[in-house]
Every structure is written in C-alpha cells, then in structure tokens.
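Peer 1: This is the structure I want to talk about, given as structure tokens.
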Amino acid sequence: MSTVTVAIPVLDGGALLARTLDAVRRQRVDAELELVVADSGSTDGSRRVAEAAGATVIDIAPGEFSHGGTRNLLVERSTGDHVAFLTQDATPAADTWLARLLEGFALADDVALAFGPYRARPDASPMVRRELEEWFSSFAPDGAPRVDREGGADRDRLAFFTDANGCVARRAWEQVPFRRVSYAEDQMLARDMLAAGWSKAYVPGAAVVHSHEYTPRARLRRSFDEARALREVQGQRAHGGPLRLGLVVQRQVRDDLDLLQREGASPGRRARLLPRSVAHHASRALGATLGSRADRLPARVRRVLSLEGRAGFDPQC
C-alpha cells in the first residue's frame, strides 16, 4: 500500500490544532497515512498534542523557522509519495478531504500540485465568508475539478496555490522544492512548478475550514504583507489613488449588503453591518495599495505596516 503524508508546521496551535489533528486521523483514504509535524518552540503543549495524535514531531528552533525551508524539511523527513500540507488552524471539512485532494493527481500525468478551497468558520463575518466563496468558486465556476498549466489561466489564478490546503507530488518536489522566501512560498512554488513544465489541479471537494477575523488595523497590516509578497513573487501592483480605492470599497460593501439581502437579513441587520463592511474593505484596500508599493517605502515604515514585523523587500520575479 502506498503512503501519503500530512505535514503541518506548528507554533502554539491550541485547541484548533487538536481539532485539526483529530480531523486528519479520521480521514478515509486508500493509503497508509503518515502525520508529520514541525514544531518551532511551542509553549502551550502543542508538541504533546501532536505526539498523542501519532505524529512524528520535528523540533525547529524558533529562529530557524522559514515558511519554505520548514516545509522542505517536512518533505525530507517524511516518506509519502504525496505530501498534503495544512496549517494548524486549517481543519479538513470532511473525512474524505485527503482522498479528494489526491484525486487531483489522477486528472493528468503532469500534475505536481493539488489544492482545495477554504470554507469560513461558522462565526465568520459576511465579508470574510463572501470573499472566500467568491475567490475559490472563481477557479471552477462549474464546480468541477480543473487543471492549469503555464499560460492557461489569468495571472492571479494561475500563480495561486495554498499550502494551508494543498498537496505536493514528491517526484515534482524533488525537481522543484520550496524556496526559502519570507512569505508567499506557496505562490512561488506554483510559479516555479508551472515554469518547469508541471501543472496544478484545483479540487473543489477537498475543502478545509479556515478563516480569520482581524481588527481593521490588523487587517490593513495583513493585507500589506500579502500584497508585498505578491509584488515580490509576481511583480503585481495594486491600483492606487483615492478614487480607485473608493470605488473598490463601494463595490465590495454593496456586494456584502446584497448577500445579506439574498439571505433574508432584516434592514436593521444590514444597516448594522454597513460600518463594519466599510472598515473591512477600506483597510484591506489600503493595505494592498501600500504593500504592492513596499519597494518605495523606508524599511522602518515597512516594519510598522507589517503584521509579521518584516522590514525587508525581497523581489523574486
């Protein structure tokens, strides 16, 4: 019987880690399941939780962690022909998650990467829920799995891959490993894989529950980090200017309110959502504008704007 690995980098995963590990253990898959965790200095007992779940735990000094390098280590220290990556707070939505993800590799002989969607948590805001639903449904409007190759899709979707819910074929990783980049290591991997002649598959049925709620300030800083990374990896630059930002925010707020109306929300509830929706989208849009122009900002400003406190700008494209 073949072996498939589920690999998770961990730092103080708490209750969500326990929930994720339990969901992994309940997967129904026609393969030997191997669970490998890289713990980078947890102090909340996460290491013991992982061991109790049957995981092989790799200890990493906090100062030695890197998003790409640690995931390369997880592949090196595992044995599966395919390595499925989760984050500690990305919980498989069904016990068929892993089997569905592996089906992506049967779609074509050259598939190196397969990934699935995120579903919002039950308590997620309408803004977060709508963003996730719209983004992931755009990969497969007809609801069917799809395969993309270099030049075969629009730029944003072509370069997208997520190692919060994605799987790598070992034979492809041996040729094209993760790069040791500060952020967006999964996007860089997708770019490198496709440039090397491999393809990637999107599998709508392989969902995980994974979403975050931020304050407007934290959301701006998270958006800054994401946009800076896309500029570093893909050279993308968000449209700027007050008028453009205003139109983006106006459209997004309108779509949030339309969603609530379709769901039968009362006028009072829609009115209460309005300021939250404006703050959500305004902070996201401003963070993206600043992040995609991070090369123009002083290092000390980048550090202040970054949720991770990262001051650098490291172009890879």
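The values are calculated or read from the model by the stated rules, or taken from the named source; none is laboratory data. The model shown is predicted, which means the values in this text are computed figures rather than measured ones. Cβ: placed from backbone, ideal geometry, glycine included. Neighbour counts: every protein chain shown.
Peer 1: Name the helices (runs of 4 or more DSSP H) wholly within the stretch 1-108 that hold at least 2 residues that are β-branched (Val, Ile, Thr) and assigned by TED's automatic domain parsing to the domain that holds LYS200?
Peer 2: Numbers: elements: 14-25, 46-52, 67-76, 97-103.
By residue number, 14-25, 67-76.
Peer 1: Against the condition crowded, with 22+ Cβ neighbours inside 10 Å and assigned to a helix (DSSP H, G or I), how does GLY287 come out, does it pass?
Peer 2: Here the answer is yes, as GLY287 does meet what is asked.
Peer 1: While we're here: Of these, PRO117, PRO122, PRO126, which one is closer than 26 Å to ASP192 by Cβ and in the same structural domain as LEU74 (by TED's automatic domain parsing)?
Peer 2: PRO117
Peer 1: Considering only the stretch 239-265, how many residues are over 22 Å from GLU133 (Cβ atoms) and either crowded, with 20+ Cβ neighbours inside 10 Å or not hydrophobic (A, V, I, L, M, F, W, C) (or both)?
Peer 2: Selection size over the stretch 239-265: 6.
Peer 1: Further question: When the stretch 5-17 is examined, which residues are found to be within 14 Å of VAL209 (Cβ to Cβ) and in contact (Cβ under 8 Å) with a residue 12 or more places away in the chain? Outline the logic, then answer.
Peer 2: Let us first name the residues in the stretch 5-17 that are within 14 Å of VAL209 (Cβ to Cβ), namely 15-17.
Answer for the stretch 5-17, where residues must be within 14 Å of VAL209 (Cβ to Cβ) and in contact (Cβ under 8 Å) with a residue 12 or more places away in the chain: LEU16, LEU17.
Peer 1: OK, next. Among the basic types (Lys, Arg), assigned by TED's automatic domain parsing to the domain that holds ARG293, under 27 Å from GLU150 (Cα atoms) and touching a residue at least 24 places away in the same chain (Cβ under 8 Å): which single residue out of ARG231, ARG222 fits that description? First the steps, then the outcome.
Peer 2: Working: ARG222 fails: under 27 Å from GLU150 (Cα atoms).
Unique residue meeting the criteria: ARG231.
Peer 1: Within the stretch 92-100, can one find any residue that is at pLDDT 95 or above and either aromatic (Phe, Trp, Tyr) or in contact with a His (Cβ under 6 Å, 6 or more places away or on another chain) (or both)? Even if it seems obvious, please write down each step before you answer.
Peer 2: So in the stretch 92-100, the residues at pLDDT 95 or above come out as 92-100.
Okay, now just the ones that are also either aromatic (Phe, Trp, Tyr) or in contact with a His (Cβ under 6 Å, 6 or more places away or on another chain) (or both), so 97.
Yes, the conditions are met somewhere in the stretch 92-100.
Peer 1: Every residue in the stretch 76-109 that is among the small types (Gly, Ala, Ser) and either in contact (Cβ under 8 Å) with a residue 40 or more places away in the chain or buried (at least 24 other Cβ atoms within 10 Å of the Cβ) (or both), please.
Peer 2: SER78, GLY80, ALA84, ALA90, ALA93, ALA94, ALA99, GLY104, ALA108
Peer 1: Taking the stretch 202-221, which residues are of a type in the set (Gly, Ala, Ser) and in contact with a Pro (Cβ under 6 Å, 6 or more places away or on another chain)?
Peer 2: The initial filter retains those residues of the stretch 202-221 that are of a type in the set (Gly, Ala, Ser), namely 205-207, 211, 218.
Within the stretch 202-221, just ALA207 meets the criteria.
Peer 1: Also, quick follow-up: If I ask for residues that are surrounded by 18 or more Cβ atoms within 10 Å (Cβ to Cβ) and either of a type in the set (Lys, Arg) or assigned by TED's automatic domain parsing to the domain that holds GLU232 (or both), which ones from the stretch 171-205 would you list?
Peer 2: ARG179, ARG191, LYS200
Peer 1: If a residue has to be of a type in the set (Asp, Glu), surrounded by fewer than 17 Cβ atoms within 10 Å (Cβ to Cβ) and touching a residue at least 12 places away in the same chain (Cβ under 8 Å) to count, how many in the stretch 18-55 make the cut? Before the answer, list the steps.
Peer 2: Step one: of the stretch 18-55, the residues of a type in the set (Asp, Glu) are 22, 30, 32, 34, 39, 44, 51.
Checking the rest, the ones that are also surrounded by fewer than 17 Cβ atoms within 10 Å (Cβ to Cβ) come to 22, 30, 32, 44, 51.
Still in the list and also touching a residue at least 12 places away in the same chain (Cβ under 8 Å): 22, 30, 32, 44.
Qualifying residue count, the stretch 18-55: 4.
Peer 1: Turning to a different aspect of this structure: Quick test of your reading of the structure: ARG100 fulfils all but one of (1) touching a strand residue (DSSP E or B) at 6+ places or on another chain (Cβ under 8 Å); (2) on the phi < 0 side of the Ramachandran plot. Name the failing condition by number.
Peer 2: (1)
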